[in-house]
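What follows is a short report on a single structure.
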Amino acid sequence: QSWNGGGTVNATSDFETCTIWGGTKEYCYTSCKKRRTGCDPRGCDWTTCVSSTAFNVAVLNHIERHFCVDVTREYATGQSNGGIYTFALGAEMSHRLAAIAPVSGSFMNGYIQTPKHPLPVISVTGVADLTVPANATFNGKPLSYEGWIYSLVSDIFAAWEYANGCTAYDMPNHYATSFDGVHRLYCWGKICAAKTPVIRCAWLGAHNYFGNSGAYNGALIWEFLSKFSNPLHQGLGETAVNPERSSKLSSPASIAIRLPADYNSTNTIFRKNLRYNISTTGRFAPSIQYYGHPNAGCKLLESNVSFTIDENTTGSTCAPTMPVATCQIGGYRTKSNGCPPPPNKKLFTTCLAIEADATPSALVAHCFLACDRNNTKASGDIIADGECPRGASCVPGFLRFGHVGICLYVNSTGGT
């Protein structure tokens with residue numbers, strides 16, 4: 001269950017979308033294995049290779065044929081992989097859509113696409129989102145702590161501003177919403193050609209819906225989307241006119257963000273000659289229970305790692321630490337990834353390339369207890385909480401899977 005778009009299955013030697021220590025070969029779908037080129041040998045392919053756009057076109061056409069809908073008001077929004085695909089869908093279907101709203105989204109490194117027709121966009125990202133980072137986190141790149149490399153949102157918007165008709169006279173300004181200040185939300189951007197805004201919003205949170213709430217997120221997104229229509233769309237993808245944008249200006253339709261010149265097989269930061277002969281023997285004592293509450297003191301070889309959940313809440317845990325080279329990063333229920341075992345079979349461990357201050361790293365890794373959730377990212381899950389160590393909660397918003405959380409000891413920092 002995933003969306004194919006934005007470079008999620010298109011890694012090349014020129015535009016690598018994951019580090020050699022971050023790729024997860026188990027993510028490769030059967031549809032990708034059937035390609036002539038097969039799966040990326042580094043494990044950078046992580047979504048289906050089936051055309052998601054063809055699927056969405058078929059769905060929209062079916063709805064238009066069988067229901068009474070306003071074909072000038074079709075929109076796209078999604079979060080995480082859905083946010084990545086929302087950007088890609090906007091670029092591919094700008095003739096049909098009226099506006100888009102990617103949440104926690106980006107393009108993979110080197111795969112920025114732009115719309116052929118001006119298309120209003122609002123992008124919403126948590127400032128503590130290090131699963132799909134909006135800004136540079138390591139060596140000038142938006143490197144996630146699972147080893148995936150994304151595009152800078154500022155580069156995405158530079159390309160989309162041009163595509164939407166912005167000129168040098170358009171200056172970024174505050175974009176007012178009804179949620180300004182809620183979870184420290186602030187939106188800004190350019191109102192290109194007076195009617196096709198390119199807006200970014202940031203809030204104090206991680207890889208989750210705005211405010212960790214489906215209600216807040218939906219209301220914010222709809223407040224923006226509902227302002228726009230596409231009167232040129234006549235239905236079934238047909239438009240009254242088909243004005244292609246000129247490509248004679250210097251801004252390209254796709255920005256290629258190359259890795260540093262020293263990104264090669266001998267580089268000790270990004271690329272390592274790893275052999276995953278992983279064992280905890282001799283590093284972590286089998287008789288010790290790790291992943292405890294920091295207030296009780298972390299054990300030898302553990303760090304107190306704290307995450308921002310929202311402006312009033314943080315979550316922390318004692319996380320076993322090891323070099324990236326000895327820990328298999330990411331994955332879902334990965335067997336023998338080098339981490340100390342979980343306290344029960346319902347939980348599993350995940351290893352993230354992250355420093356003790358919760359910033360991505362290419363050298364240091366920490367282990368965390370991961371938990372499967374039955375509820376959405378925007379709601380609590382008492383059953384999942386009960387699987388975590390006593391006093392900890394299964395907190396979503398820090399891993400690439402929406403149904404998976406990390407066991408954290410939650411702390412209120414005050415405020416309203």
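The values are calculated or read from the model by the stated rules, or taken from the named source; none is laboratory data. Computed from a prediction, not measured in an experiment: that's the story for all the values here. Cβ placement follows ideal geometry from the backbone for every residue including glycine, while neighbour counts extend to all protein chains displayed. To get the accessible areas, we keep the full protein, side chains included, count just its heavy atoms, and leave off ligands, DNA and RNA. Shrake-Rupley method; radii C 1.70, N 1.55, O 1.52, S 1.80 Å.
When every alpha-carbon pair in the stretch 63-193 is counted, what percent end up more than 18 Å apart?
Values: 4874 of 8515 pairs.
Of the Cα pairs, 57 percent sit more than 18 Å apart.
Alpha carbons only, please: Rg and Dmax for the chain, in angstrom.
According to the Cα coordinates of the chain, Rg and Dmax are 21.8, 71 Å.
Return one number: the angle in degrees, 0 to 90 and rounded to the nearest 10, between the long axis of the Cα atoms of helix 81-92 and the longest principal axis of the Cα atoms of the chain.
20
Using the alpha-carbon atoms, what tilt in degrees (0 to 90, nearest 10) does helix 214-225 show relative to the longest principal axis of the chain?
The angle comes out at about 30 degrees.
Relative to the compact-globule scaling 2.2 N^0.38 Å, provide the ratio for the alpha-carbon radius of gyration of the stretch 58-126.
Working: Rg = 12.6 Å, N = 69, 2.2 N^0.38 = 11.0 Å.
Compared with the compact-globule rule of thumb, the stretch 58-126 sits at 1.14.
Hey, got the dipole for the chain? About the Cα centre, +1 on K and R Cβ, -1 on D and E Cβ, debye to the nearest 20? Mind dumping the intermediate values first?
Values: 32 positive and 28 negative charges, 198 e Å.
Approximately 960 debye in magnitude.
With labels modelled as points extended 7 Å from the Cα through the Cβ direction, what inter-label distance (nm, one decimal) is found for residue 55 paired with residue 169?
4.5
Give 116/377; 33/345; 116/227; 141/195 a once-over and call out the pairs whose C-alpha atoms are over 25 Å from each other. Provide the component values of the computation, followed by the final result.
Working: 116/377 34 Å; 33/345 31 Å; 116/227 21 Å; 141/195 32 Å.
Over 25 Å apart, Cα to Cα: 116/377; 33/345; 141/195.
Tally up the carbon and sulfur contribution to the accessible surface of the stretch 1-142 as a whole percent, 1.4 Å probe, everything protein left in place. Before the final figure, lay out each step's value.
Values: 2910 of 5320 Å².
Carbon and sulfur together cover 55 percent of it.
Note the angle between two axes, namely the Cα long axis of helix 52-66 and the longest principal axis of the Cα atoms of the chain, as a number of degrees from 0 to 90, rounded to the nearest 10.
Between helix and principal axis, roughly 50 degrees.
Compute the signed sum of charges (Lys and Arg +1, Asp and Glu -1) over the other residues within less than 14 Å, Cβ to Cβ, of residue 85.
Net local charge, residue 85 excluded: 0.
Just the ratio, please: alpha-carbon radius of gyration of the stretch 1-67 over 2.2 N^0.38 Å, N its number of residues.
Computed over Cα atoms of the stretch 1-67, the ratio equals 1.33.
Every cysteine in the chain with no other Cys Cβ under 4.7 Å from its Cβ, please list them in numeric order.
Unpaired cysteines in the chain: 68.
Going by average Cβ density within 10 Å per residue, which order do the peptides 299-305, 166-172 take, highest to lowest? Don't jump to the answer; show the numbers that get you there.
Numbers: 299-305: 17.4, 166-172: 12.1.
The most tightly packed comes first, giving 299-305, 166-172.
How large are Rg and Dmax for the stretch 342-413 when only the alpha carbon atoms are used, in Å?
My reading of the Cα-based Rg and Dmax gives 12.2, 35 Å.
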